[in-house]
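Working notes, beginning with the structure itself.
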Amino acid sequence: MPPGWPDFSSGGEELLAPFLTCTSPAEFIALQQRVDMPRLVEALDDWHAVRLGALGPVREDAAHLLQRKRAAFLVTATERYGLFHAEVFALFVLHSAYDDEVDGVLRLLARDRQLGQTLGLMPAVHEELKARGMPLSGYPDRAEQARDVPRGLGRAARDALSTSLGSDGARYTELSARRAQLPPPYQQALHEVERALALRHFSASSVAVGTFDAMTFGVPLGFYYLVAGTGQGATSLSQGHYEQATRELAPALLLGALYAGGKGLRALSEARGATGVGMPALNELQAMELRLRSLQEMTRQLEAKLGVEGLRELARNIRARREVGRFVAVGGVDAALALREARGNVARAQALMSKARPGATGSSVARSGAQKGPGQVATVADDAARATHKGAGAAERPGGLASLVDEGAGLTREVVEARLALVELEAPGPRLPRDAAVLEKQRPSPDAPPRGAEGNPRWGEYVAYYEKRLREIKQGKAAEAPLRWASYEQMWGGFTRGLAFERLMVEVLEADARLPRAQRRFLGAFLKPRIERYVGVKKPESGLRYADVLIIEEGELAGGPPRVETLSFKSRDLLRLDPDALKEQMKADAREALGKYGGTLDIRRDSLQHILRGRSEVPVQRVRLVYEGGALLPRNVEVLKAAVETTKEKVPGVEVLFQ
């Protein structure tokens with residue numbers, strides 16, 4: 001890392017440089033955990049933000065800023081360089097963005113009445129969007145407003161000048177510099193555009209960008225990593241005698257290797273200038289050939305695990321959503337296998353990974369871990385578990401607590417541990433005696449698990465939990481005795497089920513936010529809702545807590561604090577409760593939600609302060625308690641309704657819902 005990085009007052013190139021040296025999407029994600037990403041993206045100009053977004057999944061808390069800068073760049077490029085040059089840059093933006101990100105950019109442009117004047121005039125972009133299931137006809141520009149008139153003045157003159165950029169030295173210099181930072185196929189496309197403009201007298205009908213499928217061999221995300229460390233994308237992989245070797249890597253295989261290859265991709269980094277005792281550094285030709293062999297080896301292994309159709313499905317899932325790309329890049333092969341079992345549902349796939357046990361039947365995730373040999377592709381998840389928890393012994397095996405951490409979504413290890421501690425205190429299962437002498441005699445051993453716990457990644461965590469609770473009891477700090485092993489295992493299952501429900505609900509909320517305001521079920525009170533997960537909030541009476549979801553109004557408001565709502569999710573088995581117990585449980589959950597996330601909250605997340613207009617303490621307009629439905633709810637609808645009505649009466653200010 002450069003000394004003093006990141007210096008947010010430095011130029012965009014200095015801020016971007018460390019990211020351009022990453023050799024895989026997994027490294028790109030890991031580097032983001034070391035920096036304030038919202039502040040970094042905000043400090044980048046629009047073009048450098050576009051280049052950052054081309055490297056892989058940008059962290060969740062900075063993604064909305066990236067979308068805005070992408071949209072702003074498309075508008076600026078169209079005005080400064082003209083439609084024909086801007087079309088090449090627009091295709092670069094589309095090819096390096098996930099489908100859900102492209103959808104966000106299109107909505108931003110349409111909301112600002114800029115879509116028809118930019119992408120709407122680019123034929124190749126029309127075809128690209130249509131092929132990805134997002135035709136421009138589905139994103140109509142908003143109605144014209146008075147403020148649009150001044151913005152349009154002078155555009156005709158700029159368009160005329162932009163057809164001959166050589167007449168404007170500053171703009172041509174800027175275009176040339178940015179062209180040099182594109183992958184070679186896009187550089188070639190810009191050259192062809194200029195050649196066509198010169199030879200055909202600027203006839204709009206004569207200038208065409210042509211097909212871009214060959215640019216990244218059908219892989220829109222990850223081509224920067226084919227030549228690690230150059231920051232120039234595919235480079236010579238698209239040229240010379242590398243072309244045939246690269247084309248042997250089918251798009252789905254290549255994308256799968258780049259995202260799911262895990263630490264096997266380190267071969268790409270090690271190949272760059274690798275040296276040994278008495279061995280000179282590899283030249284560029286040797287390094288390129290070694291990288292190609294590494295990629296080919298990884299693709300063969302992935303194809304053997306997933307099959308050809310499985311890899312195609314994986315590629316489609318990665319391209320569709322940033323969240324999937326991040327999940328696979330961090331989790332590696334295990335994540336790819338779990339994602340296939342979960343049919344593309346990230347929440348279910350993460351739950352599968354957390355529950356998988358080495359050697360367990362019926363779980364491809366477990367089988368992949370149990371059968372992994374020294375020649376097989378290892379995963380980033382394995383590396384992270386070992387690196388983060390080195391020395392913790394069996395307590396930190398893959399599949400345990402570490403597998404639930406999701407930094408990009410705000411689910412840090414600190415948050416996971418805090419939430420698990422609360423669930424453990426509420427766990428209803430039987431506990432051991434609160435007697436230090438008895439607990440000393442019954443102390444479990446990490447090397448001697450009871451029958452049924454052999455190979456379970458949580459047995460080591462249970463031993464660590466038991467030891468910690470024993471120390472707390474000796475010091476007089478523990479409120480409860482440790483759970484018995486069976487109760488601990490049951491508590492863990494409920495905890496992971498709850499996290500999966502939370503992720504599902506966030507997907508529901510994000511889909512709701514994309515609907516017209518009148519059609520929304522949850523977010524109709526907001527003009528422009530911003531959905532934030534696991535936000536640290538503090539109240540004098542309850543201390544620091546992590547709200548499941550915080551909704552903040554990002555739209556323009558006339559003075560005063562923005563609208564804030566909180567949601568508390570519960571994946572609780574209500575089926576087994578009798579009517580009276582059901583009412584008591586709902587009232588207790590509602591009081592907890594109101595006490596922790598209602599009233600006035602001190603919001604502790606720095607990246608939200610600009611929305612709060614400098615006020616960290618804001619009033620919460622509505623608190624919602626959302627229960628997971630289905631098989632967890634009582635079958636008697638009248639009993640359920642009575643419990644809800646009682647809760648509303650006894651705990652006003654909390655809305656109870658079921659999903």
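Laboratory data are not the source of any read-out in this text; all were calculated from the coordinates shown. Here the structure is a predicted model, which means the values were calculated and not measured. Neighbour counts are summed over all protein chains in view; Cβ atoms, including those assigned to glycine, are modelled from backbone coordinates with ideal geometry.
Side notes on the structure shown:
- Length gained when the stretch residue 554-residue 507 is fully extended (0.36 nm per residue, less Cα-Cα span): 15.0 nm
- Segment 431-545 - convex hull of the alpha-carbon atoms, volume per residue in Å³: 154 Å³
- Taking 58, 620, 626 and counting other C-beta atoms within 10 Å, the order from fewest to most: 620, 626, 58
- A cut-off of 5 Å between modelled amide H atoms, ignoring neighbours fewer than 5 places along the same chain, links residue 528 with 554, 555.
- Cβ-to-Cβ counts within 10 Å put 134, 505 in ascending order as 134, 505, the fewest first.
- Alpha-carbon centroids, segment 40-111 and segment 509-580: separation in whole Å: 28 Å
- In segment 514-658, lysine pairs closer than 16 Å at Cα, eight or more apart or cross-chain: 13
- For residue 1 and residue 610, the difference between the fully extended length at 0.36 nm per residue and the C-alpha to C-alpha distance is 216.4 nm.
- The modelled label-to-label distance for the pair residue 9/residue 538, using points 7 Å beyond Cα in the direction of Cβ, is 2.8 nm.
- Other-chain or far-sequence residues with amide H under 5 Å of residue 564's (modelled H): 621
- Footprinting exposure proxy for 492, 5, 485, 459 (fewest neighbouring C-beta atoms within 10 Å first): 5, 485, 492, 459
- Whether segment 503-601 is rounded, prolate or oblate, judged on the alpha carbon gyration tensor where a/c under 1.5 counts as rounded: oblate
- As a calculated quantity, the FRET efficiency between residue 142 and residue 478 at R0 = 41 Å, using C-beta atoms, amounts to about 0.10.
- Model label points for residue 177 and residue 591, set 7 angstrom from Cα along the Cα-to-Cβ axis, are 6.4 nm apart.
- Dipole of segment 514-658 [Lys/Arg +1, Asp/Glu -1 at C-beta], most positive-end residue of 540, 625, 551: 551
- Between 416, 470, 460, the Cα set farthest toward the positive side of the dipole of segment 408-513 (charges on each charged residue's Cβ, about the Cα centre) is that of 470.
- Distant-in-sequence amide H partners of residue 601 (H built 1.01 Å from N, under 5 Å): 618, 620
- Relative to the current alpha-carbon distance between residue 441 and residue 517, full extension at 0.36 nm per residue lengthens the span by 21.2 nm.
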